[in-house]
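Just below is one structure, and these are the notes that go with it.
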Amino acid sequence: MSRIGIFICHCGENISGTVDCGRVAGECGNIPGVTHSVDYKYMCSDPGQTIIKEAIRENRLDGVVIGSCSPRMHEKTFRKACADAGLNPFLCEMANLREHCSWVHEKSDATTDKAISLIRILVEKVKRNQPLQPIRVPMTKRALVIGGGIAGIQASLDIANAGHPVILVEREPSIGGHMAQLSETFPTLDCSQCILTPRMVEVAQHPNITLYTYSELESLEGFVGNFKARIRKKARGIDESLCTGCGLCTTKCPTKKIPSEFNTGLGQRPGIFVPFPQAVPNIPVIDQENCRYHLKGKCGLCAKICPTGAIRFDQEDEIIEAEIGAVVVATGFDVLKTDFFPEYGYGRYPDVITGLQFERLASASGPTMGEIRRPSDGKIAESVVFVACAGSRDAAKGKPYCSKICCMYTAKHAMLYKHKVHHGQAHVFYMDIRAGGKMYDEFVRRAIEEDHVNYLRGRVSKIYEEDGQLVVKGADTLLDHRPVEIKADLVVLATAGVANNGAEELAQKLHVSYDAYNFFAEAHPKLMPVETNTAGIFLAGACQSPKDIPESVSQASGAAGKVSALFGQRKELERDPMVAVVNRTAPPLFSTCMGCFLCESACPYHAIEKEEIRGRNGDLIKTVAKVNEGLCQGCGTCVALCKSKSIDLMGYSNQQMYAEIKAL
Amino acid sequence: MTEQLQQQARKLLDDQEVNLIIGYGEGSARAVRAVFVRSPEETEKLILDERCTANLAVYLNKKEIRALGKPAIVARPSVQRSIVQLAVENQLANGDITVIGIDDDGTLTLFSDLDKLGEHVLAQAPLRGDSPIASSGSRSASSEASSSGEASSSPESSASTESPHSPESPHSPEMDEERVRKLSSLPMEERFAFWMSEFAECLKCYACRAACPLCYCERCTVDCNQPQWVSVPAHPLGNLEWHVMRAMHLAGRCTECGACYDACPVDIPLHLLTQKMHDNMEEAFGTSSGEKKDKPVFPLNSFRPDDKEDFFR
């Protein structure tokens, strides 16, 4: 007969408010196999845990059921308490009386009855629980950071400074990301490049950081502590060991009129190019789609001019394989382009631009050297309209979320504009001004009060062209919805921040979850904001949701802290033993597994391997499936798929589940 | 045809390429039975005529047969499909068997490479285009028309007037298709009532399981008693559980040979269930079992990023 102890927690009044905890403890004491049953106000508190420990010792309990909050909250707490008292921690189960019962029902006898049922189910399970031992797996202490924007840079530096090797992979030819494109930063108006470029150089020079630019993650296999990454280093067309970064090739290239990605299409670049002068590494890339040599088979001017002979037209993509212990995903975001908005001209008007394009206009290193000249004819803009929430907070446009950074950068844009064009008119259409943050609201007030930016609360219904000038039609909702019409030289749309292209494919490669807008999902919105649901993969920056520089940097440091803490452990990694196991039976069957391996492709974690069962003389008896316990995440997909019920999940076995159902 | 087969079989045994021929031979009372030929002299037992349609692939997984050495198997198109599906499920590997393929037009082809067999099957007419399957010892269909109140216009109700187990009342793919179509058009309650009345006859003899080449598990779920998922006695609930489980386990795998129906002593048209599952799979995923493409995909255990459902992302 089992000796099971039941401990009912009141959770203050969270549970006892609607559930009669005393009656639950009393009636559960009568379940066969239960020898001890008590209730207490806070089971998770120190005295509460002492009650559990003493009961285990005094009553020689061989199983524990705790009726309290969600296991996500306190399973570790209670299992540790049991372990301290000498009970195998996996003989302790939690019934979620709070989320599954007291919070969702009115106070009534039926609610208490349900609580009793929830306990009874778990008593039957615990009777069949097996003592389990944690799984130990070796660990590679090397981090992979995907994305070399400010978040990736910060995470790489923090991990590298903690003494662990880091591989930083960046898709573009240079690290720096969107921050390198910005002119000034709010709320201090310091120059973005001035604070960023030293960090970029630090990355390049750090002995613990290996930098792969113009490279992408090809695949990631394995599990926490034991990932295998394949990185595709795209053909740059340059021998990096020979290139000195003199830049002669970029001046001689005959193809010069390619829209510059770095300048958001407002400037032009040659076919062999460095995205911007401060690029790290300062090594050009041959754009094979536009290079005359690649298109027509002859040209080769750059190869002729190169003083070190570093040009390699026939260079091929290289695949780099690396063993990795943890991954930080910092792939950033993108903004909607103007062609997304039919009411604002479908991208037809060159003088309707995005906020990111305005950054390039305002940047001293930008295509206009920092002068606010409109793209169509290069005239200094005398009147500029800024439209906040272009696409954001608009369910009809499919982006019901707030892009968070636009209120602040719009204020910054208007301010920068007024600083550059003193007599110019700056108008801002906004829905609400969301300026939460240190010195943020003061910054917006400064734009309104000191720089006299005209803030209009209302949305813009239409932008059209009339006599060579843009007309912005909107309404002022603070003045009784009066229609407003403003003639503007330039319109800046604060377009919604969206997930970077390729985010969905990357998430699937990494096996991390993502939301409806393709932003990567954190494990818990409040308590695990940098973790993903996949162990060993962490998030940093705007790939999780749109965020500003301080927030991206904080999250990056947070993720780096998590990685460092993981690497700071012993050599081996401990994992919960809730993994799938293929059964073994007596000869002549040896296992009921028939080796159909239909489970192999069903496993989302590639944890199914082949195992040969051999006799004493080495003869092959049978080939069966085997679960790699390091890779298995215990999802149970294989268990459900297996026709012969040959796979079982430790801690959630078929027998345990069946007993739970029968106890209802 | 028979002569050609016997010659081929004798040659295979003479050359010691195989140890055993699995084929058809005369049984009692004009019935056909499986024969296992182990010496060249015995090859004259082999016959091949229109009665020889039972799915011999079922013997390939039997331990007793495997112990006899490498077999060659006489394989009609439906058997070929079963073999291809078994290869997809890693139950047969190249070199395990030699296939004596008999096509509908009587052409005899030898396959020692299962990939070649896969290509051959793929090049044949699609599943439903096969010749009448499993007509040997076939039976009157217990008519769903009668239980659903529909009158005798359906093909099987005319067949039901004939004596049971007469070879003159074969069920053909066309007839089966028609029956599935008719059943599908019924309201859910009537459909359920039809199947419950059919399952009421079930004796739980598991002849359907024994006849099915794809029911190769050494321990069937129904025999698993820790815990006892499916109740053993032949009562309505247990019977329903068994038949639902059987159909689900064959979803996307059944090659529609009809052997289960032929084996059923109480004439439950249980092959219609797997046929319907097959239709559903083909409709939803565009796949057909028993066909080996470049990379065999079993839709119920694979994931494609462009899947139209997004609930599991």
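Points to keep in mind about this one:
- Residue that is farthest from A:G325 (Cα to Cα) [pool: residues in segment A:489-520 that are assigned to a strand (DSSP E or B) and within 14 Å of chain B (Cβ to nearest Cβ)]: A:A499
- Complete set of residues in segment B:61-82 that are of a type in the set (A, V, I, L, M) and either more than 10 Å from B:V99 (Cβ to Cβ) or within 12 Å of the chain's Cα centre (by Cα) (or both): B:I65, B:A67, B:L68, B:V79
- Candidates A:K622, A:K643, filtered to the one that is at the interface with chain B (Cβ under 8 Å from one of its Cβ atoms), closer than 16 Å to B:E218 by Cβ and either buried (at least 18 other Cβ atoms within 10 Å of the Cβ) or more than 30 Å from the chain's Cα centre (by Cα) (or both): A:K643
- Of the numbered criteria (1) within 12 Å of chain B (Cβ to nearest Cβ); (2) in contact (Cβ under 8 Å) with a residue 12 or more places away in the chain; (3) surrounded by fewer than 18 Cβ atoms within 10 Å (Cβ to Cβ), the one A:E485 fails is (1).
- Whichever residue in segment B:235-255 is in contact with a Leu (Cβ under 6 Å, 6 or more places away or on another chain) and part of a loop (DSSP other than H, G, I, E, B) and, among such residues, is modelled with the highest pLDDT: B:R253
- Residue that is nearest to A:C28 (Cα to Cα), among those in segment A:85-116 that are surrounded by 15 or more Cβ atoms within 10 Å (Cβ to Cβ) and small (G, A, S): A:A115
- Residue that is surrounded by the most Cβ atoms within 10 Å (Cβ to Cβ) [pool: residues in segment B:205-234 that are away from every other protein chain (no Cβ under 13 Å) and farther than 18 Å from B:A247 by Cβ]: B:V232
- Segment A:625-640, residues that are within 14 Å of chain B (Cβ to nearest Cβ) and of a type in the set (V, I, T): A:T637, A:V639
- Given (1) part of a helix (DSSP H, G or I); (2) in contact (Cβ under 8 Å) with a residue 12 or more places away in the chain, index of the condition A:P198 fails: (2)
- The single condition among (1) modelled with pLDDT of 90 or more; (2) within 12 Å of another protein chain (Cβ to nearest Cβ) that B:E201 does not meet is (2).
- Where A:N583 falls short, out of the listed (1) within 14 Å of chain B (Cβ to nearest Cβ); (2) crowded, with 18+ Cβ neighbours inside 10 Å: (2)
Conditions tested, residue by residue: (1) in contact with a strand residue (DSSP E or B) (Cβ under 9 Å, 6 or more places away or on another chain); (2) under 18 Å from A:A659 (Cβ atoms).
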residue	(1), (2)
A:G63	yes, yes
A:N88	no, no
A:K107	no, no
A:I135	yes, no
A:A143	yes, no
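- The number of residues in segment B:95-114 being polar (S, T, N, Q), in a loop (DSSP other than H, G, I, E, B) and at pLDDT 90 or above comes to 1.
- Selection within segment A:114-145 - modelled with pLDDT of 95 or more, out of contact with any helix residue (DSSP H, G or I) (no Cβ under 7 Å at 6 or more places or on another chain) and of a type in the set (A, V, I, L, M, F, W, C): A:L122, A:V123, A:L144
- Within segment B:242-251, the set of residues being surrounded by 16 or more Cβ atoms within 10 Å (Cβ to Cβ) and either more than 8 Å from chain A (Cβ to nearest Cβ) or without any contact (Cβ under 8 Å) to a residue 12 or more places away in the chain (or both) comprises B:W242, B:H243, B:M245, B:R246, B:A247, B:L250, B:A251.
- Any hit, segment A:231-253, residues being closer than 16 Å to A:G300 by Cβ and hydroxyl-bearing (S, T, Y): yes
- Count of segment A:192-217 residues which are surrounded by fewer than 16 Cβ atoms within 10 Å (Cβ to Cβ) and either touching a strand residue (DSSP E or B) at 6+ places or on another chain (Cβ under 8 Å) or among the small types (G, A, S) (or both): 2
- Listing of strands (runs of 3 or more DSSP E) fully contained in segment A:50-153 that carry 2 or more residues being closer than 30 Å to A:V201 by Cβ: A:143-146
- One residue stands out in segment A:241-296 among those that are among the charged types (D, E, K, R) and within 30 Å of A:T354 (Cβ to Cβ): the one that is surrounded by the most Cβ atoms within 10 Å (Cβ to Cβ), namely A:R269.
- With respect to the conditions (1) part of a helix (DSSP H, G or I); (2) hydrophobic (A, V, I, L, M, F, W, C); (3) surrounded by fewer than 22 Cβ atoms within 10 Å (Cβ to Cβ); (4) within 14 Å of another protein chain (Cβ to nearest Cβ), A:V553 falls short on a single one, namely (4).
- Some residue of segment A:594-605 being more than 8 Å from chain B (Cβ to nearest Cβ), outside any helix (DSSP H, G or I) and modelled with pLDDT under 90: yes
- Residues of segment A:236-254 satisfying the condition of being on the phi > 0 side of the Ramachandran plot and touching a helix residue (DSSP H, G or I) at 6+ places or on another chain (Cβ under 9 Å): A:G237
- Checking A:C632 against (1) over 30 Å from A:S219 (Cα atoms); (2) outside any strand (DSSP E or B); (3) touching a strand residue (DSSP E or B) at 6+ places or on another chain (Cβ under 7 Å), the condition it does not meet: (1)
- Hey, A:P588 assigned to a loop (DSSP other than H, G, I, E, B), within 22 Å of A:R575 (Cα to Cα) and facing another protein chain (nearest Cβ under 9 Å) or not: no
- Filtering segment A:646-664 to residues that are under 30 Å from the mean Cα position of the chain (by Cα) and either within 10 Å of another protein chain (Cβ to nearest Cβ) or assigned to a strand (DSSP E or B) (or both) leaves only A:L649.
The values are calculated or read from the model by the stated rules, or taken from the named source; none is laboratory data. Here the structure is a predicted model, which means the values were calculated and not measured. Cβ atoms come from the backbone with ideal geometry, glycine included; neighbour counts cover every protein chain shown.
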